[in-house]
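Worksheet for the structure shown next.
The values are calculated or read from the model by the stated rules, or taken from the named source; none is laboratory data. Note that the structure is predicted; figures quoted are calculated from it, not measured. Don't worry about glycine lacking a Cβ; one is built from the backbone with ideal geometry, like all the others, and counts go over all protein chains shown.
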Amino acid sequence: MKKFIVPFLLFLSIGSVHAQFFFRAGGGYALPVATEARGENNIEIQDLNGGTISATSERVKASYGAGINVNLAAGYMFSKHIGAELNFSYLLGKEYEFTTVQREQGGPDEIQLTSTSKSNAVYITPSMIISTGEGTKVPYGKFGVVLGIPNVEQDLNIAITNTDGTTDATAHYKYQKGMSLGFMGALGMNWAISNNVDIVTEVSFISMAYYPKEFVLESLVANGERQDLSDIDEYDKKTVYKKKINVEENPDPGKPREAIQESLPFSSVSLQVSVVYFLGRKIE
């Protein structure tokens, strides 16, 4: 037994020479990847009799993981080459808009449907660090899992214009409940500016999707006046997502609508710049 204990203790004592706690703070911007079609932009021009003169349609893809992000992290380097980190980050997501317009040529009549969606999320990411060593310029890699707590909101607006003017209504919905689990990988470079402080540049990739449990109407405003949601059937206010549903010809208006579970894309590639502070480090 002593043959194994002594080398093990020697290994720990060697590793402890380079063991260091560190703290990191930074931010960056995430670009959408692995996008999915979330809506369309459509324009239809009609004649005075309602016939179609021209029509265009464009499918729009999105990932709700795109946007500005900030992060705080704490970690520990067990040796020159191996470490661990726990990162907390906040995403202020990019806004997406989809519009369908039906317009009368030469006349005032127009119907415009606009869907606007945006997201924010909190990410908790434990990861392992593999570094090439110590010095003034040190490349490294990271990999880990991402626990996401996302929030996705959607506004649906309809505006009708005719000879009497314009009337409009906006319904505000929210995807809620449920969490996301994904994977993260990153490559970066530590640029040492002192014994204790590094500037870090990093490119990271997150693969993740959000599976909400509910889609809920939170408010309705018509012509500038907030409407009482108690007058609306529960079936029209709330959708519950399930893996398996029963299709009913005459659903109960007092119960939520049921729909097959769907996923919202949250994958992204992020460009990050951070400041790292090491406790008690001395660069040789």
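Details
- Here Lys255, Lys237 are screened, and the one residue that is crowded, with 17+ Cβ neighbours inside 10 Å and free of Cβ contacts under 8 Å to residues at least 24 places away in the same chain is Lys237.
- Among the residues of the stretch 233-284, the ones that are closer than 30 Å to Tyr76 by Cα, small (Gly, Ala, Ser) and assigned to a loop (DSSP other than H, G, I, E, B) come to 2 in all.
- Filtered residue count, the stretch 31-84, keeping only those that are surrounded by 13 or more Cβ atoms within 10 Å (Cβ to Cβ), of a type in the set (S, T, N, Q) and part of a strand (DSSP E or B): 5
- So Asp233, is it among the acidic types (Asp, Glu) and touching a Pro at 6+ places or on another chain (Cβ under 6 Å): yes
- Unmet criterion (only one of (1) buried (at least 16 other Cβ atoms within 10 Å of the Cβ); (2) farther than 19 Å from Arg24 by Cα) for Val200: (2)
- Meets criteria (in contact (Cβ under 8 Å) with a residue 40 or more places away in the chain, under 26 Å from Gln154 (Cβ atoms) and not aromatic (Phe, Trp, Tyr)) for Ile124: no
- Selected residue (criterion: surrounded by the most Cβ atoms within 10 Å (Cβ to Cβ)) from residues of the stretch 160-191 that are of a type in the set (A, V, I, L, M, F, W, C), modelled with pLDDT of 90 or more and more than 20 Å from Ser89 (Cβ to Cβ): Ala171
- Out of Ser230, Ser194, Ser219, sole residue that is part of a loop (DSSP other than H, G, I, E, B) and either at negative phi or crowded, with 16+ Cβ neighbours inside 10 Å (or both): Ser194
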